[in-house]
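Student: Just dropping this structure here.
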Amino acid sequence: MSASAVRSVDRRILELASKLTESSNSSDPVLLLTLRDILTSAEPGSKELQELKEDSYSYGLVQYCVLVLKQDYSRVDGGWTTAAGLADVLSKCCVGLDPKNDADDFYSNLLPSAALNMLVLGRRIQARFVRSVKDEESAELLRCFRLVMDSLCWLFSGYVQLVELVFRQEHFLQLLMTDDVESGTAVMSVLQALLRANSSVLHQIPEETLHPILDELVYKLSASSNPVTGSSASRSLLLMVESSPCIVQTMDMRYKGLRSLLSKQWAGKGFDRDLNRLLDILYSSSYQKQELQRLHRAACVIQAVWRGFQIRKRMRKLPGAVTSLQRSFRAKRHQEMKQQKRRKEEEELRERLKLQRLRAMREFREKQLALLEIVHAGQMDKHMRDTREMSALVIQKHWKGHRHRRRFLLQKQTLKQYKAAVTIQRAALRFLKKRRRIRESLSPWRKHQELPDEERLRLQQKVDAHLQLHPAQQMSVEQSQELHSTVQDKLGQFLLTRKQQQRTEQRREALLAQLNTDISMLMGAPSLRDATEKDVDFFTSRSVPVALKAKQCHSTMLKRSRWPWWKKLSDEFVEEDEAFLGDIPDLEHGIIFIAGSKQP
């Protein structure tokens, strides 16, 4: 944190934060109450008050208030009065605060936690208030309870999104389910404040959460005779039915005698205005329900008359429908009989053909027997030999056909492997050609080309003419020595460069040897069905260029698999990117795989 940011923080906030870090846990709530004096020192709505709230949040005082609010205050200095004051301080710190940092945590975690802790604190104070016997203690607990409820109302009035959270909490229903008049009235005032802050929240609350609240309000009207309880409960019901018309129908269905109870028991008790408005809404809903029932009965009568008319009209058309049905049935039966007759004829034809084949076979056998009777006994061996040779020829013909078909399948697999090897060789040669072209374009040296005699003579004449026009100046000994040393340096640099080129050429020859070895291994590779783990190890390369090439091919295949169908219709070869080849780093000679070398 910079020095300017430290100076902009209020000194009292800094002192309070330092005291909290050094004090014990039992005195933390009392120290946090000093935030009330710090906040009341600034004018409401001023920029100074906003800065004080932001400083309190940035130094974790607001978060600590939420955390401290959950503890038991029966052994803390000030007791539950301190807890109620701390709830008041927390609500004043949160309302109007819009932190610039950690805004999501403030709205999603801190505010719901603050509302929940206030509800829990209210339940604790309410339980002690109900059990208290002394008048002074009861009055103090009631004041603390009302202060906590007021703080809760002030909190969700500033943040409307907390209204639904409070409604859904079971602690709020437990606060409402009390027989005490003062605390129950305070809770019903919170309910009324919730409905005024966000009247549309009843549409978002499920029925299993809303019905227990309605049951408790109706129970208070039926079981209590106190005008204060009756006034608060009736005003709460009035706000609920005005906020959501669906609740009126729910009340008519769940509470049949509610209208008579309100008109007989609570008429003339001092809150007739709210009571009459509630009764008018309930009676108007009942009238609307009766009107809907009357309209429903009228619609049923109209539907019955219309359906009777439709049935009578259909009965008048029934003879024609029967005739049409009979016609369609007879046509279908005629079609089935025709199909049955056709199937029968086909079966008869099949049996006839079978008999003809059997008769022809029998006649052929009889002819063979007749020929055997005609053949001379001395020619019988020759006849049997000819018959066996003919049978052997037929068997050989079928066997050779089967063998050639199976060999063709094996040759097809070998041809596929050969095509794969040719494709790999073509890709490797294209890769080497591209690398050679890139290297030649980047290399500053060019191979010396032999010049023809005419070109050499023309260049020599041009050089002689230039020397005549620009004769060389006489150089001194020192200049000659300096020029000689410069030439020696350049010659040494050239020799070093030539050595590097020789190393590059050796590396290239090693890479070509490796490619030749890989090609020969691929040509003599076994099929996948006969491959073993040893064969797989032979094809495992430790060459970084091959690994980079495989990685690029894998990336290309993944891209092609994610292409749309129309883009996969062309079978063009996907050329590798020139930029990818230019980004390949220079490889050390030691990591290139050379066939026959010892594995690392």
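The values are calculated or read from the model by the stated rules, or taken from the named source; none is laboratory data. The model shown is predicted, which means the values in this text are computed figures rather than measured ones. In this analysis, Cβ positions are derived from the backbone assuming ideal geometry, glycine residues included, and neighbour counts consider all displayed protein chains. Please note that ligands, DNA and RNA were not included when accessible areas were found on the heavy atoms of the full protein model with its side chains. Shrake-Rupley method; radii C 1.70, N 1.55, O 1.52, S 1.80 Å.
Student: Report the extension gain between ARG435 and LEU353 in nm, rounded to one decimal, defined as 0.36 nm multiplied by the number of residues separating them, less their alpha carbon distance.
Tutor: In short, 22.1 nm is gained.
Student: Roughly how large, in nm² to one decimal, is the mean projection of the convex hull of the alpha-carbon atoms in region 175-222?
Tutor: 3.4 nm²
Student: Quick one: putting +1 on the C-beta of Lys and Arg, -1 on the C-beta of Asp and Glu, what dipole do you get for the chain around its Cα centre, in Debye to the nearest 20?
Tutor: Here the size comes out at about 6700 debye.
Student: Which distance in Å, rounded to a whole number, links the C-alpha centroids of region 121-161 and region 306-342?
Tutor: Between the Cα centres of region 121-161 and region 306-342 lies a distance of 82 Å.
Student: What accessible area, in Å² to the nearest ten, does a 1.4 Å probe give for VAL487?
Tutor: 80 Å²
Student: Would you please classify the overall shape of the chain from the alpha carbon gyration tensor, given that a ≥ b ≥ c denote the square roots of the eigenvalues, rounded means a/c under 1.5, and beyond that prolate means a/b larger than b/c while oblate covers the rest?
Tutor: oblate
Student: How large is the helix-only mean residue ellipticity at 222 nm for the chain, computed as the sum of -39500 (n - 2.57) over DSSP H runs with n ≥ 4, divided by its residue count, in deg cm²/dmol to the nearest 500?
Tutor: Result for the chain: -25500 deg cm²/dmol, rounded to the nearest 500.
Student: Now for a separate question. Work out, step by step, the length gained on full extension between LEU393 and LEU512: first 0.36 nm times the residue separation, then minus their alpha carbon distance; give nm to one decimal.
Tutor: Length difference between fully extended and current span is 37.4 nm.
Student: How about LYS412: which aspartates and glutamates have a C-alpha closer than 19 Å to its C-alpha, ignoring those fewer than 8 places off in the same chain?
Tutor: Cα-Cα hits under 19 Å: ASP530.
Student: Let me ask something else about it. What is the calculated FRET efficiency for LEU409 to THR532, with r their C-beta to C-beta distance and R₀ = 22 Å, to the nearest 0.05?
Tutor: After rounding to 0.05, the efficiency reads 0.45.
Student: Still on this structure: So if R0 is 22 Å, what FRET efficiency would GLN265 and ARG196 give, r being the distance between their Cβ atoms, rounded to the nearest 0.05?
Tutor: Once rounded, the FRET efficiency stands at 0.25.
Student: Go through ARG430, ARG333 and list them by solvent-accessible area, largest first, probe radius 1.4 Å.
Tutor: ARG333, ARG430
Student: Shape call for region 341-442 from the C-alpha gyration tensor, a ≥ b ≥ c root eigenvalues: rounded (a/c under 1.5), prolate (a/b greater than b/c) or oblate?
Tutor: Oblate, since a/c reaches 1.5 and b/c is not below a/b.
Student: Could you sort LEU67, LEU147 by their accessible area in this structure, using a 1.4 Å probe and putting the largest first?
Tutor: From most exposed to least exposed: LEU67, LEU147.
Student: Assign one of three labels to region 170-293, namely rounded, prolate or oblate, based on the Cα gyration tensor with a ≥ b ≥ c the square roots of its eigenvalues; rounded applies when a/c is under 1.5, prolate when it is not and a/b is larger than b/c, and oblate otherwise.
Tutor: Taking the square roots of the gyration eigenvalues as a ≥ b ≥ c, region 170-293 is oblate.
Student: How many nm is it between the label spots at SER485 and ASN109, if each spot is 7 Å from the Cα in line with the beta carbon?
Tutor: The modelled label-to-label distance comes out at 7.3 nm.
Student: Distance between the C-alpha centers of region 47-66 and region 404-425? Whole Å please.
Tutor: Here the two parts' Cα centres lie 79 Å apart.
Student: Shifting gears a bit: Taking all protein chains together and a probe of 1.4 Å, list VAL536, VAL166, VAL322 from the most accessible to the least accessible.
Tutor: VAL536, VAL322, VAL166
Student: Continuing with this model, one more query. Of all the accessible heavy-atom surface of the chain, with the other protein chains kept in place and a 1.4 Å probe, what percent is carbon and sulfur?
Tutor: Roughly 56 percent, rounded to a whole number.
Student: With a probe of 1.4 Å, find how much accessible area the chain has per residue, and write the answer as a whole number in Å².
Tutor: 71 Å²
Student: How much accessible surface area, in Å² rounded to 10, belongs to the heavy atoms of TYR73 with a 1.4 Å probe?
Tutor: TYR73 has an accessible surface of roughly 0 Å² with all protein chains in place.
Student: What FRET efficiency do you get for ALA525 and SER561 if R0 is 25 Å and r is their Cβ-Cβ distance, rounded to the nearest 0.05?
Tutor: Calculated value: 0.45.
Student: For ASP37 and ARG297 in one chain, what is 0.36 nm times their gap in residues minus the Cα-Cα distance, to one decimal in nm?
Tutor: Between ASP37 and ARG297, full extension yields an extra 86.7 nm.
Student: Taking the alpha-carbon distance from LYS256 and a cut-off under 17 Å, which aspartates and glutamates remain once sequence neighbours fewer than 8 residues away in the same chain are dropped?
Tutor: Within the straight-line cut-off, LYS256 pairs with ASP215, GLU216, ASP280.
Student: Tell me the accessible surface of MET253 in square angstrom (1.4 angstrom probe, heavy atoms of protein chains only), to the nearest ten.
Tutor: 130 Å²
Student: Next question, about the same structure. Give the relative contact order (percent, whole number) for the chain; include only Cα pairs under 8 Å separated by 6+ residues.
Tutor: Worked out over the chain, it gives 7 percent.
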